[in-house]
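Undergrad: This is the structure I have questions about; it appears just below.
The values are calculated or read from the model by the stated rules, or taken from the named source; none is laboratory data. As the structure is a computational prediction, the values presented were derived from the model and not from experiment. Cβ placement follows ideal geometry from the backbone for every residue including glycine, while neighbour counts extend to all protein chains displayed. Keep in mind that these areas ignore ligands, DNA and RNA; they rest on the heavy atoms of the full protein, side chains included. Shrake-Rupley method; radii C 1.70, N 1.55, O 1.52, S 1.80 Å.
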Amino acid sequence: VVFENEVFTNCYSFDNKVLVIDSETDRLIDSIEVLAQPNSMVIDRFGKIWVLCDGGYEGSEYGDNQPGLVRIDAATHTVEKIFILPEDNWPSKLCINGSSDTLYFINGDVWRMPVDANHLPPDAFISAVSASGTRLFFGLGVDPVSSEVYVSDAIDHIQNGVVYRYRSDATPVDTFRVGIIPAGFLFF
């Protein structure tokens, strides 16, 4: 994530840091401690960096720690708020909409949260459970122009996956088949 002349990058595997690099000198200038295994980051319209941490997993040498969502003030490098998720969760794929005021992430289901929220959302935005069974949500993207939400289902990691497209109010738009293990989206 870039803010002014600084680049913020996560130390994912077996770590709990966000590193701050001066983009003009390519030097490390700060290290910010967050929760275990920060896996994705975005910056909102207010200059706040959001870091989604999965906490590790059972059986890992790093341990199975508390997952959560961390808000950092980009200007001061200060952790402002930590939203704790239950220990048996493994969140991933943090995204933000085009107006940079709403967060989305996968945690079994797809979750949506305004950046000015004081608590995690009580209900899923898009459920992984459908009439045809439980979907394995694996990739997530939010179109920066239309704010449409794209979520992929890896199914069983062997056969071709599926992408579901939704309007910003969670109304389904369409569904289409893609290749094996669809993990991400690129908008340009």
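Undergrad: For a quick check of your reading of the model, give me the residue pairs whose first member lies in the stretch 171-188 and is farther than 14 Å from residue 142 by Cα, whose second is among the small types (Gly, Ala, Ser) and assigned to a loop (DSSP other than H, G, I, E, B), with beta-carbon atoms closer than 6 Å and at least 6 apart or on different chains.
TA: Hits for this filter: 181/154.
Undergrad: For residue 111, state whether it is modelled with pLDDT under 95, at negative phi and surrounded by 15 or more Cβ atoms within 10 Å (Cβ to Cβ).
TA: no
Undergrad: Mind listing whichever residues of the stretch 114-130 are farther than 19 Å from residue 166 by Cβ and either open to solvent by 60 Å² or more (accessible area, probe 1.4 Å) or without any contact (Cβ under 8 Å) to a residue 40 or more places away in the chain (or both)?
TA: 116, 117, 118, 119, 122, listed by residue number.
Undergrad: If I filter the stretch 1-43 down to residues being at pLDDT below 95 and of a type in the set (Ser, Thr, Tyr), which single residue comes out as surrounded by the fewest Cβ atoms within 10 Å (Cβ to Cβ)?
TA: Once the filter is applied, the top-ranked residue is 13.
Undergrad: Can you spot a residue in the stretch 23-36 that is touching a residue at least 24 places away in the same chain (Cβ under 8 Å), in a strand (DSSP E or B) and under 17 Å from residue 93 (Cα atoms)?
TA: No: zero hits.
Undergrad: Those residues that are part of a strand (DSSP E or B) and in contact with a Ser or Thr (Cβ under 6 Å, 6 or more places away or on another chain), I need them from the stretch 1-22; list them, please.
TA: If the condition is that a residue be part of a strand (DSSP E or B) and in contact with a Ser or Thr (Cβ under 6 Å, 6 or more places away or on another chain), then 7, 17, 19 are the ones that fit.
Here is a yes/no grid of residues against (1) within 28 Å of residue 114 (Cα to Cα); (2) in contact with a Lys or Arg (Cβ under 7 Å, 6 or more places away or on another chain):
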{"site": "24", "(1), (2)": "no, no"}
{"site": "32", "(1), (2)": "yes, yes"}
{"site": "41", "(1), (2)": "yes, no"}
{"site": "48", "(1), (2)": "yes, yes"}
{"site": "55", "(1), (2)": "yes, no"}
{"site": "63", "(1), (2)": "no, no"}
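Undergrad: Of everything in the stretch 44-101, what is polar (S, T, N, Q) and either open to solvent by 50 Å² or more (accessible area, probe 1.4 Å) or closer than 17 Å to residue 18 by Cβ (or both)? Give them in sequence order. Spell out how you get there, then give the answer.
TA: Keep residues of the stretch 44-101 that are polar (S, T, N, Q), which gives 60, 65-66, 76, 78, 89, 92, 97, 99-100.
Hits for the stretch 44-101 are 65, 66, 76, 78, 92, 99.
Undergrad: Quick check on this structure: which one of 111, 90 is in contact with a Pro (Cβ under 7 Å, 6 or more places away or on another chain) and assigned to a loop (DSSP other than H, G, I, E, B)?
TA: 90
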